[in-house]
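Asks: Quick one: this structure, given as structure tokens, is what I'll be asking you about.
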Amino acid sequence: MSNGGTANPKSSDELQATSHEPVAWWHWHRRLYDWVIHFSHTKHGVTALFVLSFAESSFFPVPPDVLLGPLALGAPKKWLRFALACSIASVLGGIMGYCIGMFLWSMIGEWVIANLSWAGLTEANFAKFQNAYRKWDFAVVFTCGFTPLPYKVCTISAGIAKINFFGFLVASTVSRSARFFIVAGLMGWKGEKIRPFVEKYFNWFSLAFVVLLIGGFLVIKWIH
């Protein structure tokens, strides 16, 4: 390969074509991005997104946006399908989280807190959510569903607090759908045009994502 060929920035098509090229070991997040992008052109993309979105609503710490964004970016014409699958799975996962809190918490709560505190499932977090539900049950669920706040803590604690299920379902459906349709819609609208920009500044976007994710847990920690 000539020196001139390596000096010029690659187009998004070239990046796809050369995704097999060696990547530095510390660029694991870029490896993950390239791996996720390839799902947008396979029959497994929607399935992977559905599973991640469902799991995130009850126990998994990584939000589905990390998969939804790259999928919609890789296949902009499928953004509506991705957003719908993500929304449905997230609401169903939220219902499971609510049921865990209402029916199973007395049996598994001690184990969850002892083993899954790394996912934000701590006794202190649950206590803060239950206190907030006494005044703003709908608002709390909506805020957690739409923002980087840990939604899984919200769903399980909603069941523990036994808030109105219908209100919980409406708040979850509206907030999660709004969030995922906005993310996927933006990628579908300007996907191919903004993809070179996203890939050029990918490390900075990754850093911002981590800051938002950690920030969500810190907000819960500081709520009184």
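Asks: For segment 139-150, give me each residue that is among the hydrophobic types (A, V, I, L, M, F, W, C) and either assigned to a helix (DSSP H, G or I) or closer than 13 Å to Ser90 by Cβ (or both).
Replies: Of everything in segment 139-150, those that are among the hydrophobic types (A, V, I, L, M, F, W, C) and either assigned to a helix (DSSP H, G or I) or closer than 13 Å to Ser90 by Cβ (or both) turn out to be Ala139, Val140, Val141, Phe142, Cys144, Phe146.
Asks: Taking segment 156-167 as the region of interest, how many residues are surrounded by 18 or more Cβ atoms within 10 Å (Cβ to Cβ) and assigned to a helix (DSSP H, G or I)?
Replies: Within segment 156-167, residues that are surrounded by 18 or more Cβ atoms within 10 Å (Cβ to Cβ) and assigned to a helix (DSSP H, G or I) number 6.
Asks: Here is a further query. Take segment 85-111 and flag every residue that is closer than 28 Å to Val170 by Cβ, free of Cβ contacts under 8 Å to residues at least 40 places away in the same chain and of a type in the set (A, V, I, L, M, F, W, C).
Replies: Matches in segment 85-111: Ala85, Ile88, Leu92, Leu104, Ile108.
Asks: For segment 136-146, does any single residue satisfy the condition of being over 20 Å from Ile163 (Cβ atoms), out of contact with any strand residue (DSSP E or B) (no Cβ under 6 Å at 6 or more places or on another chain) and not aromatic (Phe, Trp, Tyr)?
Replies: No: zero hits.
Asks: Check Val141, Val170 and return the single one that is of a type in the set (A, V, I, L, M), at pLDDT 80 or above and exposed (fewer than 15 other Cβ atoms within 10 Å of the Cβ).
Replies: Of the residues listed, the single one that is of a type in the set (A, V, I, L, M), at pLDDT 80 or above and exposed (fewer than 15 other Cβ atoms within 10 Å of the Cβ) is Val170.
Asks: Now for a separate question. From Val174, Val153, Val170, Val183, which residue is out of contact with any Pro (no Cβ under 7 Å at 6 or more places or on another chain), more than 13 Å from Phe126 (Cβ to Cβ), outside any loop (DSSP other than H, G, I, E, B) and touching a residue at least 40 places away in the same chain (Cβ under 8 Å)?
Replies: Val183
Asks: Against the conditions (1) in a helix (DSSP H, G or I); (2) buried (at least 17 other Cβ atoms within 10 Å of the Cβ); (3) among the hydrophobic types (A, V, I, L, M, F, W, C), where does Leu121 fall short? Just the number, please.
Replies: Among (1) in a helix (DSSP H, G or I); (2) buried (at least 17 other Cβ atoms within 10 Å of the Cβ); (3) among the hydrophobic types (A, V, I, L, M, F, W, C), the lone unmet condition for Leu121 is (1).
Asks: Tell me, which helices (runs of 4 or more DSSP H) wholly within segment 34-115 include 2 or more residues that are at pLDDT below 85 and either more than 14 Å from the chain's Cα centre (by Cα) or within 16 Å of Ser157 (Cβ to Cβ) (or both)?
Replies: 65-74, 105-115
Asks: Could you list, in sequence order, all residues of segment 64-82 that are surrounded by fewer than 24 Cβ atoms within 10 Å (Cβ to Cβ) and closer than 22 Å to Leu169 by Cβ?
Replies: Asp65
The values are calculated or read from the model by the stated rules, or taken from the named source; none is laboratory data. Source: prediction; values computed, not measured. Counting neighbours? That spans all protein chains shown, and the Cβs are built from the backbone with ideal geometry, glycine included.
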